[in-house]
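Working notes, beginning with the structure itself.
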Amino acid sequence: MSTFQAPKGTYDLIPPASAKYLAVRDAISAPLKNSGYGYIETPGFENVELFSRGVGESTDIVSKEMYAFETKGGDKLALRPEGTASVLRAALEANLHKAGNLPVKLWYSGSYYRYERPQKGRYRHFSQVGAEAIGAEDPALDAELIILADQAYRSLGLRQFRILLNSLGDKECRPVYRDALQGFLRGLELDDDTRRRIEINPLRVLDDKRPEVQKQLVGAPMLRDYLCDACKAYHEEVRELLTAAGVAYEDDEKLVRGLDYYTRSTFEFVHDGLGSQSAVGGGGRYDGLSEMIGGPALPSVGWALGVDRTVLALEAEGIELELPATTSVFAVPLGEEARRVLFGVVTELRRAGVAADFSYGGKGLKGAMKSANRSGARYAIVAGERDLAEGVVQLKDMESGDQSPVALADAVTAIRERLA
Ligand code: ATP
Ligand code: MG
């Protein structure tokens, strides 16, 4: 151990476990790549104002969890706590919305930072794969994203997840509801913090997990009863498309989500094996966000799925992913000449696309075979002076233990045939 440890609330991804994270990222992005989403990458930090305006000054993410700092040059920046604001900023900056091909569909994958109280499934550095469909108001787009997330989770073998769905209304009906809710909440027995929240962000109070708060919320006005006809019809269409696609969801009238920018469809993916950090992903429609950050009106929808919690969900369901072998062939040279020859064979194998590794460091037969075993290779190629003199290498099947000589000149072809 060195003098240093990973900072509080962070952890390192280390082989072999790290392979699972890569596989999860791949599994989440595969349905997106297959559905017209292009890859976008943005910086790990942005001007802090992008988030305070885009995510919302009153949200926990901005007011409590953001890593904001000033550079030596005096720029006020923040490590990105989420992806949507950055992706929209980048799309606007590149004028993607003006190319006459809306919606602009983008996916991303990366690290996000929130100063939270660390616990299982809640870290200060975590990773998300996300998708945004920018510039179209179409219930089929909301449905598409939910269906693709469902497909991603299922492709990983996950079954114990649920999709929660709600509509938050739009700029017509939400303010009316907000007033009604505030009127109701002001009459409750709540602590000062929550009272302040009533004035800034009353919908968030519905999200309060404390039982003493939840008890008082019985009988609160529900947004469902305030939705305007356009929002109702939109929501109904999303629901019908999901049902037609065979994707099960639950209506959750209390689902509000922690970001200010959501309108209409909001959804969350929860996993029942994760305890209190049960949200594995979330998203929704954010029709007003573009204007909030100085862009034109661009109705959009997106989601972000948490990679860390998806891995925990796999563990909770006891799912072992079938990961491709990292090494198919392991070379064990005995002696100087064999070292050069087998290094050449390994190079050739790799160029032919075969995952191959080599015993480095001049190990003896026993140590080298141990490495071959550990590598998980299907075959070992072993060669000593006598083999080379005969123009062969020994090909050892690591499963059966059988060993047979193959001509050195044919080694690559022979190995590829056996692996095929
Ligand atoms: P929570 O309610 O658990 O705080 P959230 O609503 O803040 O989640 P989002 O902002 O919607 O989460 O982010 C989408 C996903 O990213 C979450 O569903 C979760 O899987 C993951 N995520 C968010 N914050 C963290 C964190 N601190 N550590 C690990 N994963 C996280
Ligand atoms: Mg959170």
Determine if the stretch 58-75 includes at least one residue that is touching a helix residue (DSSP H, G or I) at 6+ places or on another chain (Cβ under 9 Å), buried (at least 21 other Cβ atoms within 10 Å of the Cβ), acidic (Asp, Glu) and in contact (Cβ under 8 Å) with a residue 60 or more places away in the chain.
-> no
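Considering each residue of the stretch 1-21, count those that are farther than 19 Å from Arg374 by Cα and either among the hydroxyl-bearing types (Ser, Thr, Tyr) or in contact with a helix residue (DSSP H, G or I) (Cβ under 7 Å, 6 or more places away or on another chain) (or both), and give that number. Show your work before the answer.
Of the stretch 1-21, the ones farther than 19 Å from Arg374 by Cα are 1-13, 21.
So of that shortlist, the ones also either among the hydroxyl-bearing types (Ser, Thr, Tyr) or in contact with a helix residue (DSSP H, G or I) (Cβ under 7 Å, 6 or more places away or on another chain) (or both) come out as 2-3, 10-11, 13, 21.
Total satisfying the criteria: 6.
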Taking Leu321 as the residue in question, decide whether it is of a type in the set (A, V, I, L, M) and not assigned by TED's automatic domain parsing to the domain that holds Ala409.
-> yes
Do we have any residue at all in the stretch 367-380 that's part of a strand (DSSP E or B), at pLDDT 95 or above, hydrophobic (A, V, I, L, M, F, W, C) and within 13 Å of Val346 (Cα to Cα)?
-> yes
Looking across the stretch 240-280 at residues that are exposed (fewer than 15 other Cβ atoms within 10 Å of the Cβ) and hydrophobic (A, V, I, L, M, F, W, C), the single one that is nearest to ligand 1 (Cβ to nearest atom) is Ala248
Could you list all residues from the stretch 94-133 that are buried (at least 16 other Cβ atoms within 10 Å of the Cβ), within 16 Å of ligand 2 (Cβ to nearest atom) and either free of Cβ contacts under 8 Å to residues at least 12 places away in the same chain or not in a loop (DSSP other than H, G, I, E, B) (or both)?
-> Tyr112, Tyr113, Arg122, His125, Phe126, Ser127, Gln128, Gly130
In this structure, is Val55 away from ligand 2 (no atom under 16 Å from the Cβ) and surrounded by 21 or more Cβ atoms within 10 Å (Cβ to Cβ)?
-> no
Residue pairs meeting the criteria (Cβ under 6 Å; at least 6 apart or on separate chains; first assigned by TED's automatic domain parsing to the domain that holds Arg154, in the stretch 272-295; second of a type in the set (S, T, N, Q) and near ligand 1 (Cβ under 9 Å from one of its atoms)) | Val280/Thr310
Given Leu206, Leu164, Leu190, which one is without any contact (Cβ under 8 Å) to a residue 60 or more places away in the chain, within 27 Å of the chain's Cα centre (by Cα) and under 18 Å from Val256 (Cβ atoms)?
-> Leu206
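Can Leu50 be described as in contact with a Lys or Arg (Cβ under 9 Å, 6 or more places away or on another chain), within 21 Å of Ser109 (Cβ to Cβ) and crowded, with 18+ Cβ neighbours inside 10 Å? Spell out how you get there, then give the answer.
Values: in contact with a Lys or Arg (Cβ under 9 Å, 6 or more places away or on another chain): yes; within 21 Å of Ser109 (Cβ to Cβ): yes; crowded, with 18+ Cβ neighbours inside 10 Å: yes.
Yes.
Results for (1) over 23 Å from the mean Cα position of the chain (by Cα); (2) part of a helix (DSSP H, G or I), shown as yes or no for each residue.
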site: Val256; (1), (2): no, no
site: Tyr261; (1), (2): no, no
site: Phe267; (1), (2): no, no
site: Gly282; (1), (2): no, no
site: Leu314; (1), (2): no, yes
site: Leu321; (1), (2): no, no
site: Glu337; (1), (2): yes, yes
site: Arg350; (1), (2): yes, yes
Consider Leu102 carefully, then state whether it is more than 22 Å from the chain's Cα centre (by Cα), closer than 16 Å to Ile293 by Cα, assigned by TED's automatic domain parsing to the domain that holds Gly281 and away from ligand 1 (no atom under 16 Å from the Cβ).
-> no
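The values are calculated or read from the model by the stated rules, or taken from the named source; none is laboratory data. Computed from a predicted model, the values in this text were never measured in an experiment. Positions of Cβ are generated from backbone atoms using ideal geometry, with glycine treated the same way; all protein chains shown enter the neighbour counts.
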